[in-house]
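Working notes, beginning with the structure itself.
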Amino acid sequence: MTNAAPIDFSAPPIAQQTVGGPVRIPYEIYAESRQTSYRVARTIADLIRQRAVEGRSCVLGLATGSTPVDVYAQLVRMHREEGLSFANVITFNLDEYFPMQADCLQSYHRFMHEHLFSHIDIPREQIHIPDGTIAPEQVADYCQQYEQRIAQAGGIDLQLLGIGRTGHIGFNEPGSGTESKTRLITLDGMTRIDAASDFFGVENVPRRAITMGVGTILQARRIIILAFGEGKAKIVARTIEGEMSPQVPATFLQNHPQTTFLLDQAAAAALTEVQTPWVLGEVRWDKTMVRRAVIWLSQLVGRPVLMLKDADYNEHHLQDLLAEYGSAYEINLQVFRQLQNTITGWPAGKPNTPGVTFPKRVVVFSPHPDDDVISMGGTLTRLADQGHEVHIAYQTSGNIAVFDDDAWRFAKFAADFCDIFGVPSDAVHQVTQRISEFLKQKGAGQTDIPELQQLKGLIRRGEAAFGAKVCGVPDERLHFQDLPFYETGVVRKKPISDEDVNLTVNLLREVKPHQIYAAGDLSDPHGTHRTCLEILFRACRVCQSDDWWSQCEVWLYRGAWQEWPAHEIEMAVPLSPQEVDRKREAIFKHESQKDRALFPGSDAREFWQRAEARNAATASMYDRLGLAQYQAIEGFVKWKGE
Ligand code: F6R
């Protein structure tokens with residue numbers, strides 16, 4: 001069985017722009033983030049080799065965070081497989097939390113060694129990372145020395161950057177000026193929220209950090225800034241197309257002559273070229289583009305699709321489209337019909353319809369134990385109520401998202417239960433004791449002992465079963481996959497293994513589903529959704545030669561972190577007020593996930609509130625476009641395979 005994804009790493013960008021029009025920083029968009037990472041790693045490798053040939057050192061400025069992880073993995077692979085040597089490389093990392101011990105789980109020292117330095121031949125004395133253990137009164141001198149060391153090394157040849165949702169580069173938060181140098185700074189609230197999961201709670205995230213300044217960064221001879229995922233789309237567009245301002249420190253890169261922004265498609269989503277390409281010039285009008293333009297126009301002028309006039313098209317950069325169709329009436333009607341056809345109360349088809357298998361076997365893949373109900377609880381209920389054989393595959397245990405106190409309550413309950421009912425309980429008491437002793441001395445962010453991890457997973461299993469029951473899916477159709485990639489006990493996960501894929505293939509071959517639902521919600525902060533989807537896609541590719549596959553369709557849902565854009569929705573399942581209530585009740589069964597509102601990407605609302613708001617927003621958008629008015633709508637997009 002082969003699990004290798006057929007991805008062409010060396011594929012060129014699908015779009016690129018130099019400075020001009022709204023574009024103030026050149027950018028390249030790649031179909032997949034892995035292609036972007038590969039391109040960056042290649043560029044770094046070429047520079048290192050070129051310098052080695054010239055007998056010179058190569059000075060790299062390096063970043064941490066989730067974005068560059070795959071760049072480092074590629075560099076390690078190039079070292080192992082292609083003999084790329086780092087002997088001539090000198091590195092300077094952007095930043096480190098303060099205070100921070102180097103061996104701490106969240107330390108950027110540890111990050112860099114785990115992801116890169118321990119796997120390559122760079123001489124240790126050529127590595128520089130700001131030291132989070134410096135005494136506060138010595139920090140200013142230390143920072144000055146850091147600047148001097150960069151200068152002594154000859155300056156940075158190539159600086160790698162990520163971007164925070166505040167627009168920070170390094171940890172230069174809003175307010176940082178172009179002249180700023182390496183210094184101690186206070187972290188922005190949003191940045192601390194984004195780091196909360198790494199620290200098991202926002203209260204554990206340090207308030208300060210040492211960072212290279214914007215000025216330090218701008219002195220690099222070349223800069224590559226990377227951004228992946230929908231969560232970055234807004235700040236990316238602001239940085240590339242917005243006014244330069246200390247409120248968005250990344251905009252200062254507009255002043256740097258050798259900066260390129262490298263993006264995946266999701267992070268590029270809010271750029272003018274992607275959002276409203278017709279305002280820039282000619283576009284190729286395929287069905288999706290027409291739908292996108294008409295929805296945009298309808299929202300812009302505030303009138304339903306069927307009431308758009310020729311003048312609306314003419315006045316808003318859509319003359320070409322109008323010319324192609326002849327009249328607004330023709331375009332309006334076509335798009336209206338397309339939108340209307342997306343609405344269905346029978347997501348797996350109606351009974352007694354010729355050519356439609358009924359009932360169907362359905363597998364809903366849920367990355368965490370609550371994504372099924374949060375994102376498609378209404379559709380799940382409909383599928384079960386309409387008589388389909390609905391299975392739910394919980395891909396990961398979700399154990400790291402359970403609070404210690406909750407886990408302890410359950411451990412104690414188990415021991416007390418045994419005592420009250422006279423159940424032989426020595427083994428139970430031993431486990432409870434071990435958990436209790438561990439919790440008493442557990443430091444912030446420390447990895448749980450295996451018993452505690454298992455207990456936390458068990459709590460989430462129970463909640464998932466209750467949530468599924470509310471939606472009408474019985475216990476025997478639940479599959480707890482506990483995929484190995486996730487089971488590290490910490491936020492940082494293992495790479496996808498054959499076992500992850502094989503477990504999924506086996507499940508698919510056992511059920512032989514007619515419909516698969518999977519989370520296409522790729523902005524979750526830890527990348528778990530992304531990884532789960534990749535595992536499912538790889539499993540689907542393995543099954544594509546099976547007989548049952550020809551009858552199978554894959555639908556992607558969203559909801560926990562963001563919603564599908566209107567023009568992309570291919571199936572819109574309306575929910576009645578009663579169904580919305582039932583969905584809420586199912587989400588409420590996930591008690592351990594209450595009060596997690598301050599987690600990354602969060603807007604300080606609970607998951608059920610966010611899900612309801614998104615489903616209501618989709619419904620109201622359909623209403624404003626002139627379609628039927630519903631309480632809520634869950635949207636889906638069909639996977640076309642590759
Ligand atoms: C990391 C750093 C930060 C990150 C940024 C994005 O050294 O300085 O600017 O690049 O916060 O983080 P991720 O990649 O985790 O989204």
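The values are calculated or read from the model by the stated rules, or taken from the named source; none is laboratory data. Computed from a predicted structure; not experimentally measured. Reconstructed Cβ throughout: ideal geometry from the backbone, glycine too, with neighbour counts over all protein chains shown.
Quick look at the values:
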| read-out | value |
| --- | --- |
| Unmet requirement for M212, which otherwise passes all of (1) within 15 Å of the ligand (Cβ to nearest atom); (2) aliphatic (A, V, I, L, M); (3) over 30 Å from Y142 (Cβ atoms) | (3) |
| Restricting the range 527-581 to residues that are touching a Lys or Arg at 6+ places or on another chain (Cβ under 9 Å) and polar (S, T, N, Q), the residue that is nearest to R361 (Cα to Cα) | Q551 |
| Whichever residue in the range 143-196 is hydroxyl-bearing (S, T, Y) and touching a helix residue (DSSP H, G or I) at 6+ places or on another chain (Cβ under 8 Å) and, among such residues, is nearest to the ligand (Cβ to nearest atom) | T166 |
| Qualifying position, being in contact with a Lys or Arg (Cβ under 8 Å, 6 or more places away or on another chain) and either polar (S, T, N, Q) or free of Cβ contacts under 8 Å to residues at least 24 places away in the same chain (or both), among Q152, Q159, Q145 | Q159 |
| Check on Y38, more than 16 Å from the ligand (Cβ to nearest atom), crowded, with 20+ Cβ neighbours inside 10 Å and closer than 22 Å to A227 by Cα | yes |
| Boolean, S118 is over 16 Å from I224 (Cβ atoms), more than 16 Å from the ligand (Cβ to nearest atom), modelled with pLDDT under 95 and small (G, A, S) | yes |
| Single condition D95 does not satisfy, out of (1) modelled with pLDDT under 95; (2) closer than 25 Å to R183 by Cβ; (3) out of contact with any His (no Cβ under 9 Å at 6 or more places or on another chain) | (1) |
| Qualifying positions in the range 199-209 - more than 9 Å from the ligand (Cβ to nearest atom) and either in contact (Cβ under 8 Å) with a residue 60 or more places away in the chain or of a type in the set (A, V, I, L, M, F, W, C) (or both) | F199, F200, G201, V202, N204, V205, P206, R208 |
| Flag if P367 is under 28 Å from I496 (Cβ atoms) and not β-branched (V, I, T) | yes |
| Criterion violated by I25 - all others in (1) within 24 Å of A237 (Cα to Cα); (2) touching a helix residue (DSSP H, G or I) at 6+ places or on another chain (Cβ under 8 Å); (3) in contact (Cβ under 8 Å) with a residue 40 or more places away in the chain; (4) not in a loop (DSSP other than H, G, I, E, B) satisfied | (4) |
| Members of the range 28-44 found to be in a strand (DSSP E or B) and of a type in the set (D, E, K, R), listed by number | E28 |
| Per-region count, the range 45-70, residues among the hydrophobic types (A, V, I, L, M, F, W, C) and free of Cβ contacts under 8 Å to residues at least 60 places away in the same chain | 5 |
| Within the range 335-357, considering residues that are small (G, A, S) and touching a residue at least 12 places away in the same chain (Cβ under 8 Å), the one farthest from A632 (Cα to Cα) | A348 |
| Residue selected from the range 54-83 under the condition on the phi > 0 side of the Ramachandran plot and over 20 Å from the mean Cα position of the chain (by Cα), by the criterion nearest to the ligand (Cβ to nearest atom) | G83 |
| A209, sole failed condition from (1) farther than 23 Å from L262 by Cα; (2) surrounded by 17 or more Cβ atoms within 10 Å (Cβ to Cβ); (3) at pLDDT below 95 | (3) |
| Residues being at pLDDT 95 or above and over 28 Å from F86 (Cα atoms) - total across the range 28-57 | 1 |
| Yes/no for D131 being among the acidic types (D, E), within 14 Å of the ligand (Cβ to nearest atom) and in the same structural domain as G213 (by TED's automatic domain parsing) | no |
